[in-house]
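Some notes on the structure that comes next.
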Amino acid sequence: MKVLGNKDSFDLFNNIAEKVIIDTMVLQSTTRLSKKRYYTGIQKLMACGLIRRKSKNLSLTSFGQIINDIMLKMDSAVNEYFRLKAVDLIISSRGIGEKECRQLVDEFIKDREIKTVLLQRIEGHLN
């Protein structure tokens with residue numbers, strides 16, 4: 001997904017994702033990009049199958065929605081980084097059992113999806 005590595009395309013993608021459906025003229029006026037940079041970014045996003053244009057409206061494709069969801073999950077993981085590091089450190093240094101691991105994850109980790117993933121890994125690892 002090299003296209004999302006480009007700041008202009010990334011910003012356009014995020015603006016479209018936030019609005020669900022956005023008029024092309026509204027998007028162009030809010031981005032402050034030159035016409036060339038705007039249209040280049042839109043073309044790249046469309047070529048990758050991340051967005052679609054219907055009449056004058058832009059929206060995410062199903063593929064774009066999945067990519068956006070993954071990016072949001074990655075942001076959540078980054079926000080939990082230090083808590084995750086603390087959990088790893090405590091678990092590796094103390095040799096605690098499954099019940100204590102579960103309790104630790106439940107208390108430290110705020111994001112529900114990340115907590116679920118960790119609890120599943122603990123169950124699979126300790127059994």
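Available extension along the chain between Asn15 and Tyr81 is 21.2 nm, counting 0.36 nm per residue and deducting the alpha carbon span.
For a straight C-alpha distance cut-off of 15 angstrom, the aspartates and glutamates reachable from Lys2 (same-chain residues fewer than eight places away being disregarded) are Asp11.
Between beta-carbons, use under 10 Å as the cut-off and find the net charge around Ile114, counting Lys and Arg +1, Asp and Glu -1. Local net charge: +2.
Helix-derived [θ] at 222 nm for the chain: sum -39500 (n - 2.57) over DSSP H runs of at least 4, divide by residue count, nearest 500? The partial results should precede the final answer.
Details: 7 runs with 92 residues, N = 127.
Only helices count here, giving -23000 deg cm²/dmol.
With angles folded into 0 to 90 degrees, how steeply does helix 62-79 sit against the dominant principal axis of the chain? Use alpha carbons for both and round to 10. Tilt relative to the chain: about 50 degrees.
What is the percent of Cα-Cα separations in region 2-69 that go past 18 Å? In whole percent, the share of Cα-Cα pairs in region 2-69 beyond 18 Å is 23.
What ranking of Ile70, Ile109 emerges when the number of other C-beta atoms within 10 Å of each C-beta is taken as an exposure proxy, fewest first?
On the way: Ile70 11, Ile109 20.
Sorted ascending by nearby Cβ count, the order is Ile70, Ile109.
For Gly64, neighbours were defined as the other residues whose beta-carbon sits under 14 Å from its Cβ, and their charges (Lys and Arg +1, Asp and Glu -1) total +3. Given (1) 17.3, 64; (2) 20.2, 60; (3) 14.6, 44, which label gives Rg and Dmax of the Cα atoms in Å as computed from the coordinates? Of the listed options (1) 17.3, 64; (2) 20.2, 60; (3) 14.6, 44, (2) comes from this structure. Calculate how steeply helix 35-47 sits against the longest principal axis of the alpha-carbon atoms of the chain, using the helix alpha-carbon long axis, and give the answer as 0 to 90 degrees to the nearest 10. Approximately 60 degrees, to the nearest 10.
Model label points for Arg53 and Thr116, set 7 angstrom from Cα along the Cα-to-Cβ axis, are 3.7 nm apart. Within straight-line reach of Lys54, meaning a Cα separation under 19 Å, sit the following aspartates and glutamates at least 8 residues removed in sequence or on another chain: Glu18, Asp23. Excluding residues on the same chain fewer than 8 positions from Lys36, give the lysines whose Cα lies under 18 Å from its Cα. Cross-link targets: Lys7, Lys44, Lys56.
Quick note: the coordinates plus some simple rules give every number you see, no bench work behind them. Just so we're clear, the structure is a prediction, and the values are computed from it rather than from any experiment. Note: ideal-geometry Cβ built from the backbone for every residue, glycine included; neighbour counts use all protein chains shown.
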